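Here the structure is laid out as structure tokens; the discussion comes afterwards.
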Number of protein chains: 4
Amino acid sequence: MFETRFQTYWADVDAAGIVYYPHFFKYVEQAEEEMFRAAGLRRQPLIEKLGIWMPRVEAFSKYSRPIKHGAAIRVRLNPRIIGEKTIRYDFEIVDDLTSDRLASGYVTVVCVDTAFKSTRIPDEIRNVIQNA
Amino acid sequence: MFETRFQTYWADVDAAGIVYYPHFFKYVEQAEEEMFRAAGLRRQPLIEKLGIWMPRVEAFSKYSRPIKHGAAIRVRLNPRIIGEKTIRYDFEIVDDLTSDRLASGYVTVVCVDTAFKSTRIPDEIRNVIQNA
Amino acid sequence: MFETRFQTYWADVDAAGIVYYPHFFKYVEQAEEEMFRAAGLRRQPLIEKLGIWMPRVEAFSKYSRPIKHGAAIRVRLNPRIIGEKTIRYDFEIVDDLTSDRLASGYVTVVCVDTAFKSTRIPDEIRNVIQNA
Amino acid sequence: MFETRFQTYWADVDAAGIVYYPHFFKYVEQAEEEMFRAAGLRRQPLIEKLGIWMPRVEAFSKYSRPIKHGAAIRVRLNPRIIGEKTIRYDFEIVDDLTSDRLASGYVTVVCVDTAFKSTRIPDEIRNVIQNA
């Protein structure tokens, strides 16, 4: 499990004064990038070096409470390798102050080669996932 | 069923040269706004006049193929009223030229009053949904 | 002079209910893409084929009136080639219904090769600009 | 002068692998929000309490170097009160590691009342600016 904190900003909210709902997935991806950084790596240069892409194939979120403008949040990421080629990131977004659950869901990622053919997750990625 | 066409732009793509995956939900919401417009209404002034909000409570997308930079897409929206207070928008995003499926999923919306208590969907909204 | 119309959406507005100000530049760039499309070309594949990049080096906007949620706008683009290597897009954004000026400004673009060294604007680009 | 650090993410970059240029203004606004937070205040609740809006009336940026994907940046904000009703934020964005200048420019803000009539900047805002 990996957890990281983000501040939300005016740029993230919609006219209802709450974070626009697709942005929740942006926070999840930011958390994934921070998870790699916490392992001393940078996600994008790493996957380029390995000659792969990691496209998202499914995304789901249940929205429990709105994220108010200017709130700080924590994203909890629980990554699991499924089979040889798939990573599933279960996530939970909580209020930084109250720890109330704001949203939860998952994002599924498949490892593909540069011809977009699914391929085994390289060990360098596998290690980051398994140690998170 | 409501269908509408969008052009994608440079601003929508990520460094892989394809539309950043949370933006698919943005297109779905744009289609919802166009559905109201096609009924001669504007979604936001309408819900403000009715004294309600329509927060998203669930969002799911399966990504079948990437949307390349500069592609045109069509969003097909199939809205259904579930119970008294919930709208489910099943969607499909297809390539405008080939009609290939690019993504499909749903977004669930609950009707709430200004105190964020769930409430019956007003007839004005109901009519738009049922005639789509 | 090239002019194109855009619908604005919920995703574009901030918590004040008006289009978030950096998005005005997104509309300007969308207009640039439409200008190439109107010439039967697609900007991005074209510049990739030509082996160049067209980074923005300056951007300025004066905001005269807010763009309300759900408004339609027209972007007027007046592109000029300055010297051998620079394009300046003077722009004006007007309300689609009233033609009131909402914003005006410019975006300056320099043509560079893949090593980011400034280079002469290729004729294919030049033709689009000069015929706009 | 106020300075704050931001991490850039995949969501911020375009297909050239660099931060999409309108997002530079997003970072400037985030820095403005952090400046209020550093003063123990929150910008948005404060301006709502004061019954004002602070719309942007001009924005300018010169782009010196691209911000690469995954880079960290620092935004330096130099706010000045001009006359009674106007704030000008001169900004500079530098690379967090090398301190190389990436962009510089300004954003001008006018204080208006709820009827959008320009009005004197309240002392609470003035204090934040003058102590930054």
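Tabulated data for the structure shown
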quantity: Identity of the residue in segment D:13-26, in a helix (DSSP H, G or I) and surrounded by fewer than 24 Cβ atoms within 10 Å (Cβ to Cβ), that ends up farthest from the chain's Cα centre (by Cα); calculated: D:23
quantity: Subset of segment B:53-82 [over 20 Å from residue B:101 (Cα atoms) and touching a helix residue (DSSP H, G or I) at 6+ places or on another chain (Cβ under 8 Å)]; calculated: B:53, B:54, B:80, B:81
quantity: Selection count where residues are under 20 Å from residue C:54 (Cα atoms) and at the interface with chain C (Cβ under 10 Å from one of its Cβ atoms), scope segment D:1-29; calculated: 10
quantity: Condition broken by residue B:87, with the remaining ones in (1) within 14 Å of chain A (Cβ to nearest Cβ); (2) closer than 20 Å to residue A:24 by Cβ satisfied; calculated: (1)
quantity: Number of positions in segment C:13-39 that are among the small types (Gly, Ala, Ser) and modelled with pLDDT under 95; calculated: 3
quantity: Failed criterion for residue D:48 (all others in (1) in contact with a strand residue (DSSP E or B) (Cβ under 7 Å, 6 or more places away or on another chain); (2) more than 25 Å from residue C:104 (Cα to Cα) hold); calculated: (1)
quantity: Among (1) of a type in the set (Gly, Ala, Ser); (2) facing another protein chain (nearest Cβ under 7 Å); (3) farther than 20 Å from residue A:2 by Cβ, the one test that residue A:59 misses; calculated: (3)
quantity: Failed condition for residue D:35, given (1) of a type in the set (A, V, I, L, M, F, W, C); (2) at negative phi; (3) surrounded by fewer than 20 Cβ atoms within 10 Å (Cβ to Cβ); calculated: (3)
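The values are calculated or read from the model by the stated rules, or taken from the named source; none is laboratory data. Here the structure is a predicted model, which means the values were calculated and not measured. Here Cβ is always computed from backbone atoms with ideal geometry, including for glycine, and neighbour counts include all displayed protein chains.
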